[in-house]
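The structure under discussion appears below in the form of C-alpha coordinates.
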Amino acid sequence: MLISVYSAGVFGIEGYPITVECNCTRGLPSLDIVGLPDTAVRESVHRMEAASYNSGYEFPEASIVVNLAPADRRKEGSALDAAILTAILCGGGVIPGDAPLPETCIIGELSLSGKIRPVKGVLCMILAAKEAGITTAIVPPENAREAAAVEGMTVYYAEDVRSIVDHFCHRHELPRAYYDRELHSEAEFGRGFDFAEIKGQARAKRAMEIAAAGSHNVLLIGPPGSGKSMIAKRLPSILPKMEFEEAVESARIYSAAGLIDTSNPLPSRRPFRSPHHTMSAPSLVGGGTVPIPGEISLAHNGVLFLDELPEFNKLVTESLRQPLEDGKVSITRTSGRATFPSRFMLVCAMNPCRCGYYGSNVRKCTCKPMDIQKYLSRISGPLLDRVDIQVEMPALSFDELSEKELSEPSEIIRERVTAAREIATARQGGQPNAHLDSAGVREFCTPDDAGSAVMKSAFERMGMSARAYDRVLRVARTIADLAGAEKIGAAHIAEAVQLRSLDRKYWER
(Lines give C-alpha, C1' and ligand atoms only; values in the text may rest on other atoms or scores of the structure.)
Protein backbone atom coordinates (compact mmCIF):
# COMPACT_ATOMS: atom_id res chain seq x y z
CA MET A 1 0.00 0.00 0.00
CA LEU A 2 1.38 3.39 -1.03
CA ILE A 3 0.73 6.35 1.27
CA SER A 4 1.83 9.99 0.77
CA VAL A 5 2.15 12.62 3.50
CA TYR A 6 3.43 16.18 3.35
CA SER A 7 6.10 17.62 5.63
CA ALA A 8 8.78 20.30 5.17
CA GLY A 9 12.44 21.08 5.71
CA VAL A 10 14.53 24.22 5.98
CA PHE A 11 17.90 25.30 4.59
CA GLY A 12 19.17 28.64 5.83
CA ILE A 13 15.89 30.47 6.34
CA GLU A 14 14.20 29.07 3.25
CA GLY A 15 11.72 26.29 3.83
CA TYR A 16 10.86 23.68 1.21
CA PRO A 17 8.05 21.09 1.05
CA ILE A 18 8.87 17.40 1.38
CA THR A 19 6.63 14.55 0.25
CA VAL A 20 6.92 11.50 2.48
CA GLU A 21 6.05 8.42 0.40
CA CYS A 22 5.60 5.17 2.30
CA ASN A 23 5.20 1.79 0.60
CA CYS A 24 4.24 -1.19 2.80
CA THR A 25 4.41 -4.67 1.24
CA ARG A 26 4.49 -8.25 2.48
CA GLY A 27 7.93 -9.57 3.33
CA LEU A 28 10.48 -9.71 6.07
CA PRO A 29 9.97 -6.83 8.54
CA SER A 30 12.28 -3.98 7.55
CA LEU A 31 12.30 -0.21 7.30
CA ASP A 32 14.44 1.68 4.79
CA ILE A 33 14.46 5.46 4.46
CA VAL A 34 15.77 6.81 1.14
CA GLY A 35 15.98 10.27 -0.38
CA LEU A 36 19.29 11.59 1.05
CA PRO A 37 18.42 11.40 4.77
CA ASP A 38 21.06 12.59 7.24
CA THR A 39 21.97 10.81 10.47
CA ALA A 40 19.12 12.38 12.47
CA VAL A 41 16.57 11.20 9.89
CA ARG A 42 18.02 7.67 9.74
CA GLU A 43 17.99 7.43 13.53
CA SER A 44 14.27 8.29 13.53
CA VAL A 45 13.61 4.56 12.88
CA HIS A 46 14.30 3.77 16.53
CA ARG A 47 12.31 6.76 17.79
CA MET A 48 9.32 5.81 15.64
CA GLU A 49 9.25 2.17 16.76
CA ALA A 50 9.38 3.10 20.45
CA ALA A 51 6.87 5.95 20.03
CA SER A 52 4.43 3.65 18.23
CA TYR A 53 4.58 0.89 20.86
CA ASN A 54 4.39 3.32 23.78
CA SER A 55 1.34 4.98 22.18
CA GLY A 56 -0.47 1.63 22.05
CA TYR A 57 -0.03 0.81 18.35
CA GLU A 58 1.72 -2.22 16.83
CA PHE A 59 4.47 -1.21 14.44
CA PRO A 60 3.62 -2.82 11.07
CA GLU A 61 5.48 -6.08 10.47
CA ALA A 62 6.07 -5.51 6.79
CA SER A 63 8.69 -4.51 4.30
CA ILE A 64 8.52 -0.72 4.49
CA VAL A 65 10.28 1.75 2.20
CA VAL A 66 10.03 5.48 2.92
CA ASN A 67 11.05 7.90 0.19
CA LEU A 68 11.63 11.58 0.97
CA ALA A 69 11.00 13.62 -2.17
CA PRO A 70 12.62 15.48 -3.81
CA ALA A 71 15.15 12.67 -3.57
CA ASP A 72 18.10 14.78 -4.74
CA ARG A 73 17.93 17.23 -1.82
CA ARG A 74 19.51 16.36 1.52
CA LYS A 75 17.01 16.00 4.40
CA GLU A 76 18.29 17.10 7.80
CA GLY A 77 16.99 17.24 11.35
CA SER A 78 14.19 15.56 13.24
CA ALA A 79 11.18 17.53 11.96
CA LEU A 80 10.13 14.64 9.67
CA ASP A 81 9.59 12.12 12.50
CA ALA A 82 5.86 12.68 12.98
CA ALA A 83 5.09 12.70 9.26
CA ILE A 84 7.01 9.47 8.59
CA LEU A 85 5.34 7.61 11.49
CA THR A 86 1.90 8.88 10.42
CA ALA A 87 2.46 7.49 6.91
CA ILE A 88 3.67 4.15 8.33
CA LEU A 89 0.67 3.81 10.65
CA CYS A 90 -1.63 4.56 7.74
CA GLY A 91 0.11 1.89 5.68
CA GLY A 92 -0.29 -0.54 8.59
CA GLY A 93 -4.05 0.10 8.85
CA VAL A 94 -4.01 2.05 12.13
CA ILE A 95 -5.17 5.17 10.28
CA PRO A 96 -7.86 4.64 7.61
CA GLY A 97 -6.74 4.86 4.01
CA ASP A 98 -9.23 7.63 3.22
CA ALA A 99 -7.72 10.02 5.83
CA PRO A 100 -6.82 13.42 4.32
CA LEU A 101 -3.08 12.92 4.77
CA PRO A 102 -1.95 14.49 1.45
CA GLU A 103 -3.75 17.71 2.37
CA THR A 104 -1.85 18.24 5.64
CA CYS A 105 1.75 19.22 6.41
CA ILE A 106 2.90 17.33 9.52
CA ILE A 107 5.95 18.62 11.44
CA GLY A 108 7.46 17.44 14.72
CA GLU A 109 10.10 15.35 16.48
CA LEU A 110 9.11 12.18 18.33
CA SER A 111 10.13 11.21 21.83
CA LEU A 112 10.29 7.54 22.82
CA SER A 113 7.08 7.99 24.81
CA GLY A 114 5.18 9.21 21.75
CA LYS A 115 5.19 12.88 22.70
CA ILE A 116 5.64 15.46 19.92
CA ARG A 117 8.64 17.69 20.58
CA PRO A 118 9.23 21.18 19.13
CA VAL A 119 11.65 21.79 16.27
CA LYS A 120 13.29 24.91 14.89
CA GLY A 121 12.40 26.54 11.59
CA VAL A 122 8.64 25.85 11.78
CA LEU A 123 7.68 29.32 10.55
CA CYS A 124 9.92 28.88 7.49
CA MET A 125 8.43 25.44 6.82
CA ILE A 126 4.83 26.60 7.12
CA LEU A 127 5.48 29.50 4.72
CA ALA A 128 6.92 27.01 2.22
CA ALA A 129 3.95 24.69 2.67
CA LYS A 130 1.58 27.58 1.98
CA GLU A 131 3.47 28.46 -1.21
CA ALA A 132 3.12 24.80 -2.28
CA GLY A 133 -0.67 25.06 -1.95
CA ILE A 134 -1.05 23.23 1.37
CA THR A 135 -3.55 24.93 3.67
CA THR A 136 -3.51 22.68 6.79
CA ALA A 137 -0.67 21.84 9.18
CA ILE A 138 -0.09 19.85 12.36
CA VAL A 139 2.77 21.08 14.55
CA PRO A 140 4.05 20.62 18.13
CA PRO A 141 2.24 22.74 20.76
CA GLU A 142 5.32 24.89 21.41
CA ASN A 143 5.47 25.85 17.71
CA ALA A 144 1.75 26.48 17.32
CA ARG A 145 1.72 30.28 17.69
CA GLU A 146 4.50 30.91 15.19
CA ALA A 147 2.88 28.55 12.68
CA ALA A 148 -0.53 30.20 13.12
CA ALA A 149 1.00 33.60 12.27
CA VAL A 150 1.03 32.54 8.62
CA GLU A 151 -2.15 33.95 7.12
CA GLY A 152 -4.31 31.46 5.24
CA MET A 153 -3.05 28.36 7.07
CA THR A 154 -5.25 26.19 9.31
CA VAL A 155 -2.90 25.08 12.08
CA TYR A 156 -3.54 22.28 14.57
CA TYR A 157 -1.20 21.23 17.35
CA ALA A 158 -0.66 17.70 18.61
CA GLU A 159 0.65 16.68 22.02
CA ASP A 160 1.44 13.09 21.04
CA VAL A 161 1.11 10.38 18.40
CA ARG A 162 -2.23 9.16 19.78
CA SER A 163 -3.85 12.57 19.28
CA ILE A 164 -2.73 12.60 15.61
CA VAL A 165 -4.20 9.12 15.07
CA ASP A 166 -7.47 10.13 16.77
CA HIS A 167 -7.63 13.24 14.56
CA PHE A 168 -7.33 11.29 11.30
CA CYS A 169 -9.66 8.56 12.60
CA HIS A 170 -12.26 11.31 13.29
CA ARG A 171 -12.48 10.40 16.97
CA HIS A 172 -11.22 13.70 18.39
CA GLU A 173 -10.22 16.76 16.38
CA LEU A 174 -6.92 18.33 17.31
CA PRO A 175 -7.04 21.76 18.99
CA ARG A 176 -6.55 24.62 16.56
CA ALA A 177 -4.00 27.41 16.99
CA TYR A 178 -4.78 31.07 16.28
CA TYR A 179 -2.73 34.23 16.02
CA ASP A 180 -4.43 37.59 16.46
CA ARG A 181 -2.81 40.20 14.21
CA GLU A 182 -4.49 42.94 16.20
CA LEU A 183 -2.63 41.69 19.25
CA HIS A 184 0.62 42.46 17.43
CA SER A 185 -0.43 45.99 16.48
CA GLU A 186 -1.60 46.75 20.02
CA ALA A 187 1.33 45.07 21.79
CA GLU A 188 2.82 46.85 24.78
CA PHE A 189 5.79 48.84 23.58
CA GLY A 190 6.88 51.10 26.38
CA ARG A 191 8.76 48.63 28.58
CA GLY A 192 12.49 48.59 29.19
CA PHE A 193 15.13 51.30 28.94
CA ASP A 194 14.12 54.93 28.41
CA PHE A 195 15.93 58.01 27.11
CA ALA A 196 14.57 59.91 30.11
CA GLU A 197 17.23 58.17 32.22
CA ILE A 198 20.11 59.70 30.25
CA LYS A 199 21.67 62.76 31.84
CA GLY A 200 23.30 65.41 29.68
CA GLN A 201 24.69 64.34 26.28
CA ALA A 202 22.18 66.46 24.35
CA ARG A 203 24.25 66.22 21.16
CA ALA A 204 24.43 62.43 21.36
CA LYS A 205 20.68 62.16 21.96
CA ARG A 206 20.02 64.38 18.96
CA ALA A 207 22.32 62.21 16.85
CA MET A 208 20.54 59.03 17.96
CA GLU A 209 17.18 60.57 17.07
CA ILE A 210 18.46 61.36 13.57
CA ALA A 211 19.92 57.87 13.26
CA ALA A 212 16.64 56.26 14.32
CA ALA A 213 14.61 58.39 11.91
CA GLY A 214 16.76 57.44 8.92
CA SER A 215 18.12 54.03 10.00
CA HIS A 216 21.70 55.38 9.87
CA ASN A 217 24.84 53.74 11.24
CA VAL A 218 26.40 55.40 14.30
CA LEU A 219 29.80 55.52 16.01
CA LEU A 220 29.96 56.72 19.63
CA ILE A 221 33.41 57.68 20.90
CA GLY A 222 34.34 58.99 24.32
CA PRO A 223 36.02 58.21 27.65
CA PRO A 224 34.83 55.42 29.98
CA GLY A 225 31.62 56.20 31.85
CA SER A 226 30.37 58.86 29.43
CA GLY A 227 27.21 56.86 28.66
CA LYS A 228 28.00 55.28 25.28
CA SER A 229 26.58 51.84 26.09
CA MET A 230 23.70 53.36 28.02
CA ILE A 231 22.46 55.46 25.13
CA ALA A 232 22.98 52.65 22.60
CA LYS A 233 20.87 50.21 24.64
CA ARG A 234 18.03 52.72 24.66
CA LEU A 235 17.97 53.14 20.89
CA PRO A 236 15.27 50.45 20.35
CA SER A 237 12.92 52.45 22.58
CA ILE A 238 12.77 55.29 20.01
CA LEU A 239 12.68 53.16 16.86
CA PRO A 240 9.35 52.83 15.04
CA LYS A 241 7.36 49.71 15.86
CA MET A 242 7.85 46.83 13.41
CA GLU A 243 5.05 46.33 10.91
CA PHE A 244 3.51 42.86 10.80
CA GLU A 245 5.36 41.91 7.61
CA GLU A 246 8.67 43.06 9.11
CA ALA A 247 7.97 41.02 12.25
CA VAL A 248 7.31 37.89 10.15
CA GLU A 249 10.55 38.44 8.24
CA SER A 250 12.56 38.77 11.45
CA ALA A 251 10.72 35.83 13.04
CA ARG A 252 11.75 33.59 10.13
CA ILE A 253 15.39 34.23 10.98
CA TYR A 254 14.91 33.56 14.69
CA SER A 255 12.86 30.44 13.91
CA ALA A 256 15.60 29.03 11.66
CA ALA A 257 18.18 29.74 14.36
CA GLY A 258 16.03 28.10 17.05
CA LEU A 259 15.85 31.36 19.03
CA ILE A 260 12.23 32.37 18.51
CA ASP A 261 10.18 33.32 21.57
CA THR A 262 7.33 30.81 21.36
CA SER A 263 5.15 32.89 23.70
CA ASN A 264 5.52 35.99 21.49
CA PRO A 265 6.84 34.91 18.07
CA LEU A 266 6.13 38.24 16.35
CA PRO A 267 7.30 41.02 18.70
CA SER A 268 6.60 44.64 17.80
CA ARG A 269 9.89 45.91 19.25
CA ARG A 270 12.85 45.78 16.91
CA PRO A 271 15.67 43.34 17.72
CA PHE A 272 18.78 44.51 19.55
CA ARG A 273 21.87 42.30 19.34
CA SER A 274 25.00 43.01 21.37
CA PRO A 275 27.61 40.26 20.82
CA HIS A 276 30.81 40.06 22.87
CA HIS A 277 34.04 41.22 21.27
CA THR A 278 35.53 37.69 21.42
CA MET A 279 33.11 36.43 18.78
CA SER A 280 34.31 34.89 15.50
CA ALA A 281 33.52 36.01 11.97
CA PRO A 282 31.16 33.04 11.28
CA SER A 283 29.26 33.90 14.48
CA LEU A 284 28.77 37.40 13.12
CA VAL A 285 27.85 36.72 9.49
CA GLY A 286 26.50 33.17 9.85
CA GLY A 287 27.87 29.83 8.79
CA GLY A 288 28.29 26.21 9.78
CA THR A 289 28.09 22.96 7.82
CA VAL A 290 24.37 23.63 7.60
CA PRO A 291 24.31 27.46 7.40
CA ILE A 292 22.55 29.21 10.27
CA PRO A 293 22.01 32.97 10.67
CA GLY A 294 24.69 35.04 12.40
CA GLU A 295 24.34 38.13 14.56
CA ILE A 296 23.98 40.50 11.60
CA SER A 297 20.92 38.58 10.40
CA LEU A 298 19.48 38.26 13.90
CA ALA A 299 19.70 42.08 14.00
CA HIS A 300 17.74 42.39 10.73
CA ASN A 301 15.17 45.22 10.98
CA GLY A 302 16.82 46.27 14.24
CA VAL A 303 20.15 47.20 15.83
CA LEU A 304 23.57 45.52 15.95
CA PHE A 305 25.58 47.06 18.80
CA LEU A 306 29.33 46.48 18.88
CA ASP A 307 30.67 47.73 22.20
CA GLU A 308 34.43 48.30 22.50
CA LEU A 309 34.77 48.18 18.71
CA PRO A 310 38.61 48.14 18.54
CA GLU A 311 38.67 45.03 20.74
CA PHE A 312 36.93 42.99 18.04
CA ASN A 313 39.12 40.92 15.76
CA LYS A 314 39.79 42.94 12.62
CA LEU A 315 38.65 40.03 10.45
CA VAL A 316 35.29 40.24 12.24
CA THR A 317 34.78 43.98 11.77
CA GLU A 318 35.93 43.88 8.13
CA SER A 319 33.34 41.19 7.39
CA LEU A 320 30.67 43.84 8.04
CA ARG A 321 31.59 45.87 4.98
CA GLN A 322 29.69 43.93 2.32
CA PRO A 323 26.50 43.28 4.37
CA LEU A 324 26.32 46.99 5.23
CA GLU A 325 26.22 47.80 1.53
CA ASP A 326 24.10 44.91 0.22
CA GLY A 327 21.69 44.34 3.09
CA LYS A 328 22.18 40.58 2.81
CA VAL A 329 24.86 37.92 3.21
CA SER A 330 25.26 34.75 1.14
CA ILE A 331 26.96 31.63 2.50
CA THR A 332 27.98 28.85 0.11
CA ARG A 333 28.49 25.27 1.23
CA THR A 334 28.69 21.97 -0.64
CA SER A 335 25.07 21.33 0.38
CA GLY A 336 23.86 24.58 -1.16
CA ARG A 337 23.81 28.35 -0.95
CA ALA A 338 21.95 30.18 1.82
CA THR A 339 21.14 33.90 1.70
CA PHE A 340 20.26 35.71 4.91
CA PRO A 341 18.82 39.26 5.04
CA SER A 342 20.89 41.72 7.07
CA ARG A 343 19.37 45.21 6.98
CA PHE A 344 20.37 46.54 10.37
CA MET A 345 21.52 49.71 12.09
CA LEU A 346 25.16 49.38 13.09
CA VAL A 347 25.88 51.15 16.38
CA CYS A 348 29.49 51.08 17.58
CA ALA A 349 31.01 52.40 20.80
CA MET A 350 34.71 52.87 21.54
CA ASN A 351 37.24 54.71 23.66
CA PRO A 352 39.59 57.11 21.85
CA CYS A 353 42.62 55.16 23.11
CA ARG A 354 43.46 52.14 25.24
CA CYS A 355 43.41 54.06 28.54
CA GLY A 356 40.28 55.86 27.34
CA TYR A 357 41.23 59.48 28.01
CA TYR A 358 42.87 60.75 24.82
CA GLY A 359 41.53 64.29 24.26
CA SER A 360 39.70 64.31 27.60
CA ASN A 361 39.52 67.40 29.83
CA VAL A 362 38.93 65.26 32.93
CA ARG A 363 41.98 63.03 33.10
CA LYS A 364 45.34 62.95 31.38
CA CYS A 365 45.90 60.29 28.74
CA THR A 366 48.71 57.88 29.66
CA CYS A 367 49.09 56.36 26.18
CA LYS A 368 52.04 57.01 23.90
CA PRO A 369 51.23 58.59 20.50
CA MET A 370 52.27 55.37 18.74
CA ASP A 371 49.94 53.34 20.97
CA ILE A 372 47.04 55.70 20.26
CA GLN A 373 47.65 55.40 16.53
CA LYS A 374 47.86 51.61 16.77
CA TYR A 375 44.62 51.46 18.76
CA LEU A 376 42.69 53.66 16.33
CA SER A 377 44.10 51.86 13.29
CA ARG A 378 42.15 48.76 14.32
CA ILE A 379 39.18 50.56 12.72
CA SER A 380 39.76 50.59 8.98
CA GLY A 381 38.99 53.53 6.73
CA PRO A 382 36.51 51.59 4.55
CA LEU A 383 34.49 50.54 7.61
CA LEU A 384 34.57 54.06 9.06
CA ASP A 385 33.43 55.40 5.69
CA ARG A 386 30.24 53.31 6.02
CA VAL A 387 29.30 54.95 9.33
CA ASP A 388 26.93 57.85 8.64
CA ILE A 389 27.04 59.53 12.05
CA GLN A 390 30.02 59.94 14.38
CA VAL A 391 29.36 61.35 17.84
CA GLU A 392 31.83 62.39 20.51
CA MET A 393 30.53 61.89 24.04
CA PRO A 394 32.59 63.84 26.60
CA ALA A 395 32.68 62.98 30.29
CA LEU A 396 29.72 64.35 32.26
CA SER A 397 30.12 67.24 34.67
CA PHE A 398 28.95 67.17 38.31
CA ASP A 399 26.03 69.48 37.50
CA GLU A 400 24.82 67.15 34.73
CA LEU A 401 25.08 64.06 36.89
CA SER A 402 23.33 65.66 39.87
CA GLU A 403 20.44 66.99 37.76
CA LYS A 404 17.23 65.56 39.25
CA GLU A 405 14.88 66.44 36.40
CA LEU A 406 14.43 63.64 33.87
CA SER A 407 15.23 64.13 30.22
CA GLU A 408 12.75 63.88 27.37
CA PRO A 409 11.19 60.37 27.43
CA SER A 410 11.55 57.86 24.63
CA GLU A 411 7.84 57.96 23.83
CA ILE A 412 8.00 61.63 22.77
CA ILE A 413 11.17 61.08 20.72
CA ARG A 414 9.67 57.99 19.08
CA GLU A 415 6.68 60.03 17.90
CA ARG A 416 9.00 62.41 16.03
CA VAL A 417 11.07 59.53 14.68
CA THR A 418 7.98 57.67 13.47
CA ALA A 419 6.60 60.79 11.78
CA ALA A 420 9.88 61.40 9.96
CA ARG A 421 10.16 57.73 8.97
CA GLU A 422 6.61 57.80 7.57
CA ILE A 423 7.43 60.87 5.47
CA ALA A 424 10.50 59.15 4.05
CA THR A 425 8.87 55.78 3.33
CA ALA A 426 5.85 57.43 1.67
CA ARG A 427 8.15 59.47 -0.55
CA GLN A 428 10.53 56.62 -1.37
CA GLY A 429 8.24 53.62 -1.63
CA GLY A 430 8.90 52.09 1.78
CA GLN A 431 12.66 52.65 2.05
CA PRO A 432 14.24 54.60 4.94
CA ASN A 433 16.76 57.23 3.92
CA ALA A 434 19.84 55.19 4.82
CA HIS A 435 18.87 52.45 2.36
CA LEU A 436 18.55 54.68 -0.71
CA ASP A 437 20.74 53.67 -3.64
CA SER A 438 22.63 56.16 -5.80
CA ALA A 439 19.60 56.76 -8.02
CA GLY A 440 17.46 57.39 -4.94
CA VAL A 441 19.99 59.87 -3.56
CA ARG A 442 19.92 61.83 -6.84
CA GLU A 443 16.12 61.83 -6.89
CA PHE A 444 15.25 62.52 -3.26
CA CYS A 445 18.34 64.05 -1.64
CA THR A 446 19.13 67.04 -3.87
CA PRO A 447 19.81 70.14 -1.73
CA ASP A 448 18.80 73.67 -2.65
CA ASP A 449 21.36 76.20 -3.91
CA ALA A 450 22.51 77.26 -0.44
CA GLY A 451 22.76 73.61 0.65
CA SER A 452 24.77 72.76 -2.48
CA ALA A 453 27.25 75.51 -1.68
CA VAL A 454 27.76 74.18 1.85
CA MET A 455 28.07 70.64 0.52
CA LYS A 456 30.71 71.68 -2.04
CA SER A 457 32.75 73.49 0.58
CA ALA A 458 32.64 70.51 2.98
CA PHE A 459 33.46 68.02 0.23
CA GLU A 460 36.58 69.90 -0.83
CA ARG A 461 37.73 70.74 2.71
CA MET A 462 37.24 67.23 4.14
CA GLY A 463 38.32 65.21 1.11
CA MET A 464 35.16 63.08 1.12
CA SER A 465 34.84 59.87 -0.83
CA ALA A 466 31.89 59.33 -3.15
CA ARG A 467 30.35 57.05 -0.52
CA ALA A 468 30.76 59.68 2.21
CA TYR A 469 29.19 62.30 -0.08
CA ASP A 470 26.08 60.15 -0.57
CA ARG A 471 25.86 59.34 3.12
CA VAL A 472 26.01 63.00 4.15
CA LEU A 473 23.15 63.71 1.76
CA ARG A 474 21.11 60.84 3.21
CA VAL A 475 21.63 62.13 6.76
CA ALA A 476 20.73 65.66 5.63
CA ARG A 477 17.53 64.27 4.09
CA THR A 478 16.64 62.72 7.45
CA ILE A 479 17.34 65.98 9.30
CA ALA A 480 15.07 67.79 6.84
CA ASP A 481 12.33 65.17 7.38
CA LEU A 482 12.54 65.66 11.16
CA ALA A 483 12.15 69.39 10.58
CA GLY A 484 9.23 68.84 8.20
CA ALA A 485 11.14 70.52 5.35
CA GLU A 486 10.50 69.48 1.76
CA LYS A 487 13.91 70.63 0.48
CA ILE A 488 17.34 70.04 1.99
CA GLY A 489 18.73 73.39 3.10
CA ALA A 490 22.11 74.72 4.19
CA ALA A 491 21.38 74.11 7.89
CA HIS A 492 20.52 70.48 7.23
CA ILE A 493 23.73 69.92 5.25
CA ALA A 494 25.83 71.69 7.89
CA GLU A 495 24.46 69.50 10.71
CA ALA A 496 24.96 66.34 8.66
CA VAL A 497 28.58 67.29 7.95
CA GLN A 498 29.24 67.99 11.63
CA LEU A 499 27.90 64.54 12.48
CA ARG A 500 30.67 62.78 10.56
CA SER A 501 33.71 64.92 11.29
CA LEU A 502 35.36 62.87 14.06
CA ASP A 503 37.43 60.82 11.62
CA ARG A 504 39.32 64.05 10.91
CA LYS A 505 39.97 64.62 14.64
CA TYR A 506 40.99 61.13 15.65
CA TRP A 507 42.16 59.31 12.52
CA GLU A 508 44.00 62.09 10.68
CA ARG A 509 46.99 62.79 12.90
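What to note about this one:
- Straight-line reach from K364: taking Cα to Cα under 19 Å and skipping same-chain neighbours fewer than 8 places apart, the aspartates and glutamates in range are E392.
- Counting only lysines at least 8 places from K115 when in the same chain, those with an alpha carbon closer than 26 Å to its own are K75, K130.
- Of all DSSP beta bridges confined to the chain, the antiparallel ones make up roughly 50%.
- Cα-based convex hull volume of the stretch 61-178 per residue, rounded to whole Å³: 112
- Percent of alpha-carbon pairs separated by more than 16 Å within the stretch 265-307: 38
- For the stretch 359-509, taking the reciprocal of the average inverse distance between every pair of different Cα atoms yields a Kirkwood hydrodynamic radius of 17.7 Å.
- Accessible carbon and sulfur surface of the chain relative to its total accessible area, %, 1.4 Å: 51
- Semi-axes of the equivalent ellipsoid for the chain, computed as √(5λ) from the eigenvalues of its C-alpha gyration tensor and ordered from largest down, come to 53, 23, 21 Å.
- The value for the stretch 12-106 of Rg(Cα) / (2.2 N^0.38 Å) is 1.05.
- Three semi-axes of the equivalent ellipsoid, the stretch 260-417, Cα gyration tensor, whole Å, largest first: 32, 24, 13
- Dimensionless Rg/Rh of the stretch 214-294 - Kirkwood Rh, Rg from C-alpha atoms: 1.01
- Cα convex hull, the stretch 352-400: 78 Å³ per residue, rounded to a whole number.
- Inter-probe distance in nm under a simple model that places probes 7 Å from Cα toward Cβ, at E403 and K368: 4.1
- Surface per residue (accessible, 1.4 Å probe) for the chain, Å²: 44
- Point-to-point label distance, A50-A202, nm (Cα→Cβ direction, 7 Å offset): 6.8
- Distance between the 7 Å Cα→Cβ label points at S280 and E245: 3.7 nm.
The values are calculated or read from the model by the stated rules, or taken from the named source; none is laboratory data. Predicted model only: the values in this text are computed from it and were never measured. Neighbour counts run over all protein chains shown; Cβ positions are idealised from the backbone, glycine included. Heavy atoms of the whole protein, side chains included, go into the accessibility calculation; ligands, DNA and RNA do not. Shrake-Rupley method; radii C 1.70, N 1.55, O 1.52, S 1.80 Å.
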